Amino acid sequence: MKYKAIFFDRDGTLTYFDKNKEKWRDNIIEEWSGKTFELPYEKMMKLFNMASEGKKPWYKTLDDERNFFKRYYKFLLVEEGVVVNIEERAEILFNELWCNGDRKLFPETIEVLEYFKSKGYKMGVISDTSPSLEYTLQQLGIAKYFTSFTASSLVGAGKPSPIIFNAALTAQGVTAEESIYVDDYKPEADGAREQGFASFWLDRDSSNDNKWKIIYLKQLIEFVEKI
């Protein structure tokens, strides 16, 4: 077998965000504040910095992350002008939005994971995310397929830095040349390929126009079966 391991990005590759959660959030905050709610990137990052209380990294454990997001939702409500029952309402937001059905699996995810598990591949996830990476996949019932969960918050670097890719390789005891990687973000897929991975950019809204671009996950199966 030419390749011994396969690594997946999480969001946009194995999972997608549930838009109903976002809609619920927007509606309830508008109800409490009496005004339209919007959360552009710059505003979100401002709230993240406020919730960090000057600490970097923001979180290193699940408890750190839980406390961080409880602070985050308090600051969000204050910034929106909510003045009544801040603590209680922040708790409502946290309980509904943090690791509570906010992600769904793409229809092909299980089939692809089952295939690579059945063929004896070592399997890992590499994600620019928080300590709850493994926890979120446990909730979705797919953590059992993986033996490494490499989160940027825990290794101190995000993709496409070689640091995070090397951490994932070390966790599995393989080289980049022995590994496949897939990501829905082109710069990160390219970064893995520069390190030696057989790395694919997953672009579900496009067409196959080069060797290293795929439009659905099952094309990974087609790739290895042709080797």
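The values are calculated or read from the model by the stated rules, or taken from the named source; none is laboratory data. Computed from a prediction, not measured in an experiment: that's the story for all the values here. Using ideal geometry, Cβ is built from the backbone for each residue, glycine included, and neighbour counts are taken over all protein chains shown.
Each row is one residue, and each column tells you yes or no for (1) over 20 Å from LYS70 (Cβ atoms); (2) among the aliphatic types (A, V, I, L, M).
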{"site": "MET1", "(1), (2)": "yes, yes"}
{"site": "ILE6", "(1), (2)": "yes, yes"}
{"site": "LEU14", "(1), (2)": "yes, yes"}
{"site": "PHE17", "(1), (2)": "yes, no"}
{"site": "SER52", "(1), (2)": "no, no"}
Is there a residue in segment 74-83 that is within 27 Å of PHE7 (Cα to Cα), touching a residue at least 24 places away in the same chain (Cβ under 8 Å) and not in a helix (DSSP H, G or I)? no
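Any residue at all in segment 176-193 that's modelled with pLDDT of 95 or more, polar (S, T, N, Q), surrounded by 16 or more Cβ atoms within 10 Å (Cβ to Cβ) and part of a loop (DSSP other than H, G, I, E, B)? Spell out how you get there, then give the answer.
Of all residues in segment 176-193, those modelled with pLDDT of 95 or more come to 176-193.
Within this subset, residues satisfying the condition of being polar (S, T, N, Q) are 179.
Keeping just the survivors that are surrounded by 16 or more Cβ atoms within 10 Å (Cβ to Cβ) gives 179.
Next, only the ones that are part of a loop (DSSP other than H, G, I, E, B) stay: none.
No, segment 176-193 has no match at all.
Residues in segment 157-170: is at least one on the phi > 0 side of the Ramachandran plot and touching a residue at least 12 places away in the same chain (Cβ under 8 Å)?
Here is the first cut: in segment 157-170, the ones on the phi > 0 side of the Ramachandran plot are none.
No - not one qualifying residue is present in segment 157-170.
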Go through GLY101, GLY124, GLY173, GLY156 for me and flag whichever is more than 30 Å from ASN27 (Cβ to Cβ) and at pLDDT below 95. GLY156
Name every residue in segment 114-129 that is touching a residue at least 40 places away in the same chain (Cβ under 8 Å) and within 12 Å of PHE146 (Cβ to Cβ), in order of residue number. PHE116, TYR121, LYS122, MET123, GLY124, VAL125, ILE126, SER127
In segment 1-46, how many residues are farther than 17 Å from LEU97 by Cα, part of a loop (DSSP other than H, G, I, E, B) and under 16 Å from the mean Cα position of the chain (by Cα)? 5
Could you please let me know if GLU87 is under 28 Å from LEU137 (Cβ atoms) and either in contact (Cβ under 8 Å) with a residue 40 or more places away in the chain or assigned to a helix (DSSP H, G or I) (or both)? no
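Report yes if some residue within segment 143-153 is closer than 29 Å to ASN100 by Cβ and modelled with pLDDT under 95; otherwise report no. If you could, list the steps in order and put the result at the bottom.
Step one: list which residues in segment 143-153 are closer than 29 Å to ASN100 by Cβ, which gives 143-153.
Still in the list and also modelled with pLDDT under 95: 153.
Among the residues of segment 143-153, at least one is closer than 29 Å to ASN100 by Cβ and modelled with pLDDT under 95, which makes the answer yes.
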Looking only at residues that are buried (at least 16 other Cβ atoms within 10 Å of the Cβ) and out of contact with any strand residue (DSSP E or B) (no Cβ under 7 Å at 6 or more places or on another chain) in segment 114-136, which one is farthest from ILE227 (Cα to Cα)? SER132
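For segment 47-65, name all the residues that are without any contact (Cβ under 8 Å) to a residue 40 or more places away in the chain and assigned to a helix (DSSP H, G or I). Give the derivation first.
Here is the first cut: in segment 47-65, the residues without any contact (Cβ under 8 Å) to a residue 40 or more places away in the chain are 47-56, 63.
Residues satisfying the conditions are LEU47, PHE48, ASN49, MET50, ALA51, SER52, ASP63.
Checking the conditions here, which among PHE223, PHE200 is under 17 Å from LEU113 (Cα atoms), part of a helix (DSSP H, G or I) and in contact (Cβ under 8 Å) with a residue 12 or more places away in the chain? Give the derivation first.
Details: PHE200 fails: part of a helix (DSSP H, G or I).
Sole residue among the options that is under 17 Å from LEU113 (Cα atoms), part of a helix (DSSP H, G or I) and in contact (Cβ under 8 Å) with a residue 12 or more places away in the chain: PHE223.
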Qualifying positions in segment 194-215 - loosely packed, with under 14 Cβ neighbours inside 10 Å and of a type in the set (Ser, Thr, Tyr): SER206, SER207
Residue that is nearest to LEU97 (Cα to Cα) [pool: residues in segment 47-65 that are surrounded by 13 or more Cβ atoms within 10 Å (Cβ to Cβ) and of a type in the set (Gly, Ala, Ser)]: ALA51
